[in-house]
Amino acid sequence: MSETMTALPGIETATAGVHQLSMQQALNRALDEILAGNPKTVIFGEDCGRLGGVFRITDGLQAKHGEERVFDTPLAESGILGMSVGLAMAGFHPIPEVQFDGFAYPAINQIVCQIARMNYRSRGTLPMPITLRVPSFGGIRAPEHHGESLESLFAHVPGLKVVSPSTPHDAYHLLKYAATRPDPVIFMEPKSRYWQKGPVDLANALPGKSPHDGDPSSGGSLTGARVAREGRHLTLVAWGAMVARCLQVAELAAEDGIDVEVLDLRWLKPIDAEALATSVGKTRRAVVVHEAPLTSGLGAEVAQLITQSCFATLKAPVERVTGFDVPYPSGDLEDEYIPNIDRILFGIQRVLEYRRG
Amino acid sequence: MTTKSVLAAVDDDAAPLTHHQLRELYTLMAAVRHLDTSAVAWQRQGIIPGYAPELGQEAAQVGSGYAVDRTRDFVFPTYREMGVARAMGLDMVGYMSTHKATWHGGMYNPLESRFAPIQAVVAGSVLHAVGWAHGQTLAGHAAGEIGVAMTYFGDGASSQGDVHEAMNFAAVMKAPVVFFIQNNGWAISVPTERQVAGGSVAARAAGYGIPSLQVDGNDVVAVFEATRSAFAHCRAGNGPVVIEAMTYRRGPHSTADDPGRYRTLDEERLDAGDDPLERFKQRLLTEGVADEAFFAEAQRLAEAEEEAVRAGIADLGPRPGAEMFSLVFQEPTPALQSQATAWRKESEHV
């Protein structure tokens with residue numbers, strides 16, 4: 001599928017095999033291949049054409065695929081998402097971009113009342129194969145509204161699916177998978193990870209271990225969680241940028257003889273309940289880590305799914321290490337807000353030291 | 001009032017309407033008037049839980065809907081476009097099923113009818129029309145053959161930001177879209193002068209560089225001709241058009257509304273102007289296009305149609321509950337499937 005394509009400038013000429021790419025490069029490559037593979041795909045948003053996006057995720061795509069396939073829109077998020085609805089009705093596969101997570105709020109009506117409901121409202125005659133790319137979460141010292149964690153909000157809306165990659169490899173494969181689905185997918189890109197390089201196996205979607213065995217070429221194996229690190233003593237559940245941090249924590253905990261499993265949830269809707277049951281069924285302890293505020297966060301949903309499947313064998317209540325119930329703070333306070341290594345270690349300690357009654 | 005056109009002259013099939021077409025327009029208006037007033041009665045009789053009447057807007061709706069080419073155009077309604085739906089030949093049982101509370105959006109097929117699902121977020125679909133219209137441009141149809149999107153909204157919806165974004169997008173992209181405003185004087189209880197700044201909705205179009213025209217929305221022929229010109233303008237690749245049809249909502253906003261709280265009957269009579277149906281009838285009589293026998297027949301057809309639609313919606317019955325789960329996604333989630341299973345187990349006593 002990708003071997004005959006001309007690579008964009010800045011991207012190593014990649015044939016099948018493992019390549020070191022940043023997440024930005026992996027996403028860019030995925031979009032390039034999606035455009036080449038499906039003539040009904042269109043990419044648009046603010047500055048995604050000539051500039052190639054403020055994060056350069058769409059770099060070079062307009063020059064290569066033309067101004068009709070990749071285009072700049074006026075600065076209006078509701079307009080971008082409302083236009084996506086009409087394009088989908090006309091048979092296109094829109095991949096709109098909201099430039100920063102906080103700017104998804106002006107488009108909430110179109111996302112929630114329109115995109116999420118059109119398939120239902122039209123009794124399945126007007127599917128919405130829209131992949132909304134949202135640079136997400138904090139960690140880059142950005143101004144207000146440029147760092148938010150909207151996953152609970154999106155996951156709560158009937159009719160939407162939500163996914164967040166944590167590695168360049170998953171970014172590449174999950175985006176390609178999402179863009180082929182007939183339902184709307186909110187694709188939350190951890191912007192603090194855009195420039196981190198990692199191995200990307202272009203031909204094999206599943207080089208890592210997954211709780212599910214599946215045919216990699218079918219894409220079915222991309223629908224669930226991923227065990228990012230195997231361990232015996234407890235499970236850290238995370239997604240997006242928090243996966244890398246949890247892997248760091250796991251290395252530190254290992255020095256103290258604590259063997260931590262890290263489960264990268266990837267899909268935030270639907271959540272892979274089976275993977276949670278498998279992992280926590282084995283480790284019998286769990287800590288959920290997310291950047292979003294605590295109250296009504298996705299951690300509560302994860303904790304309930306774990307409780308439902310593992311109540312009898314759990315050795316401690318599921319813990320949560322999260323952001324706080326405050327508006328996303330300024331850059332100087334960001335490190336206090338985002339779960340850091342120490343807070344996650346304290347969460348692990350609470351779970352390990354829990355005694356009944 | 002008279003129609004003031006600021007559209008560039010377009011070499012359209014601008015032949016005057018034939019007598020046959022004029023009679024067809026009247027027949028449609030009579031059908032819409034009867035179905036509309038009947039639907040209000042159905043609500044009072046408990047046949048349907050609610051309805052949004054369009055009494056007085058028959059000319060605006062039939063005249064514009066009559067200009068749509070169902071083989072290539074697409075209409076984006078709100079919830080008060082029954083007359084447009086009827087003029088476009090929709091399955092009216094499917095249309096009325098929304099008001100029967102059978103299914104949000106209606107039971108008709110939007111792709112076949114070229115009429116998007118009914119919806120209540122009144123400016124929401126204005127942007128959809130722009131997206132669909134831009135899709136026609138991207139699809140590379142030759143000028144003159146391109147499909148046109150027509151989006152309906154009212155003076156109230158024109159206050160919403162999505163309308164501004166839609167007009168700006170459409171103008172920047174030269175999208176073939178007709179913004180059809182039915183200015184019926186009221187947004188529930190708020191009159192146009194407390195709703196629309198800048199003189200009129202049509203006046204705003206100038207700010208986007210979009211040609212606009214204000215038309216007498218109670219004159220079905222004027223509305224048809226304005227819409228036909230707008231479609232020709234769009235189809236020729238000239239970008240969007242704004243049409244503001246000045247009309248009057250003679251009834252309540254919905255069957256749950258009490259207009260007596262915000263206007264008197266005297267004010268209503270004074271402001272409503274000529275009844276568009278009666279006015280058209282007089283014109284057809286004066287011009288010798290139709291006679292009393294024709295009008296009696298139109299009324300008889302309207303009554304027969306209403307009876308058929310009433311019987312149709314009475315027969316609809318509730319939808320199977322499983323549809324609630326199966327139509328959310330094209331690919332249902334495991335959680336939704338397990339909720340459907342639990343629902344079946346707990347609600348279907350087998």
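A short reminder: the numbers here are calculations on the coordinates, not readings from a lab. Everything quoted here is computed from the prediction, not taken from an experiment. We place every Cβ from the backbone using ideal geometry, glycine too, and count neighbours over all the protein chains shown.
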Return the long-range amide H neighbours of A:HIS93 (sequence gap of 5 or more, or a different chain), with a cut-off of under 5 Å between placed amide H atoms. A:THR41, A:VAL42
Along the three principal axes, how long is region B:228-280 when you take its alpha carbons, biggest first, rounded to the nearest angstrom? 46, 26, 16
Over chain B, what is the relative contact order in percent, taking alpha-carbon pairs closer than 8 angstrom and at least six residues apart? 23 percent
How big is region A:254-295 by Rg and Dmax over its Cα atoms, in Å? 12.1, 35
Per residue of A:268-277, other chain Cβ atoms within 10 Å number on average 2
Per 0.36 nm of contour for each residue apart, how much would the distance between B:HIS104 and B:ALA342 grow if the chain were fully extended, relative to their Cα-Cα spacing? 83.3 nm
If R0 = 30 Å, then B:ASP271 and B:ALA203, at their Cβ-Cβ distance, give a FRET efficiency to the nearest 0.05 of 0.90
Can you tell me the equivalent ellipsoid semi-axes for chain A? Use √(5λ) from the Cα gyration tensor, largest first, whole Å. 33, 22, 20
Here, B:GLU278 and B:ALA322, labelled 7 Å along Cα→Cβ, have an inter-label distance in nm of 5.4 nm
Binned Cα-Cα distance frequencies in region B:94-206 - 5 Å width, integer %: 2, 11, 19, 19, 18, 15, 10, 4, 1, 0
Spin-label pair A:GLU336/B:ARG300, simplified geometry with 7 Å Cα→Cβ offset, distance in nm: 8.4 nm
Just in region A:227-280: which trypsin sites (Lys or Arg not before Pro) are loop by DSSP and have at most 12 other Cβ atoms within 10 Å? A:ARG232
What residue among B:TYR262, B:THR227, B:MET167 has its Cα farthest toward the positive end of the dipole of chain B, where the charges are +1 on Lys, Arg and -1 on Asp, Glu, each on the Cβ? B:MET167
Once you have a ≥ b ≥ c as the square roots of the Cα gyration tensor eigenvalues for chain B, tell me rounded if a/c is under 1.5, and otherwise prolate or oblate according to whether a/b is larger than b/c. oblate
Please name which of A:THR313, B:PRO240, B:PHE76 has its Cα lying farthest along the dipole of the protein assembly as shown towards the positive end, using unit charges on Cβ (Lys, Arg +1; Asp, Glu -1) and the Cα centre as origin. A:THR313
Kirkwood Rh, Cα atoms: Rg over Rh of the protein assembly as shown: 1.04
What lysines does A:LYS315 reach when the alpha-carbon gap must be under 23 Å and sequence neighbours fewer than 8 apart in one chain are set aside? A:LYS282
When each of A:LYS40/B:LYS100; A:LYS191/A:LYS269; A:LYS176/A:LYS269; A:LYS40/A:LYS269 is checked by Cα-Cα distance, pairs over 28 Å: A:LYS40/B:LYS100
Given backbone amide H placed at 1.01 Å from N, residues whose amide H is under 5 Å from that of B:LEU90, ignoring those fewer than 5 places away on the same chain, are none
Nearest 0.05, what FRET efficiency do B:ALA41 and B:VAL190 give at R0 = 22 Å with Cβ-Cβ as r? 0.20
Taking Cα atoms only, Rg over Rh for region A:245-348 with Rh from the Kirkwood formula is 0.97
Normalised per residue, the volume inside the convex hull of the alpha-carbon atoms of region B:174-306 in Å³ amounts to 157 Å³
Low-density loop trypsin sites (Lys or Arg not before Pro), region B:161-247, at most 16 other Cβ within 10 Å, DSSP non-H/G/I/E/B, are B:LYS174
How many partner chain Cβ atoms sit within 10 Å of a residue's Cβ in peptide B:319-325, on average, as a whole number? 1
What are the GluC sites (Glu not before Pro) within region A:88-191 that DSSP puts in a loop, where the Cβ has at most 16 other Cβ atoms within 10 Å? A:GLU144
Gyration tensor on Cα atoms of region A:221-282, a ≥ b ≥ c root eigenvalues, a/c under 1.5 rounded, else prolate if a/b beats b/c, else oblate, says oblate
Of all the stretches in chain A, which is the longest one without any exposed loop site, taking chymotrypsin sites (Phe, Trp or Tyr not before Pro) in a DSSP loop (any state but H, G, I, E, B) with at most 16 other Cβ atoms within 10 Å? A:1-194
Shielding by partners - mean other protein chain Cβ count within 10 Å, residues of B:163-173: 4
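Using the alpha carbon gyration tensor of region B:261-336, what are the three equivalent-ellipsoid semi-axes (square root of 5 times each eigenvalue), largest first, in whole Å?
Working from the Cα gyration tensor, I get semi-axes of 45, 23, 13 Å.
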From the square roots a ≥ b ≥ c of the eigenvalues of the alpha-carbon gyration tensor of region A:60-172, which class results: rounded (a/c under 1.5), prolate (a/b over b/c), or oblate? oblate
Here the FRET efficiency for B:HIS19 versus A:ASP72, based on Cβ atoms and R0 = 60 Å and rounded to 0.05, is 0.75
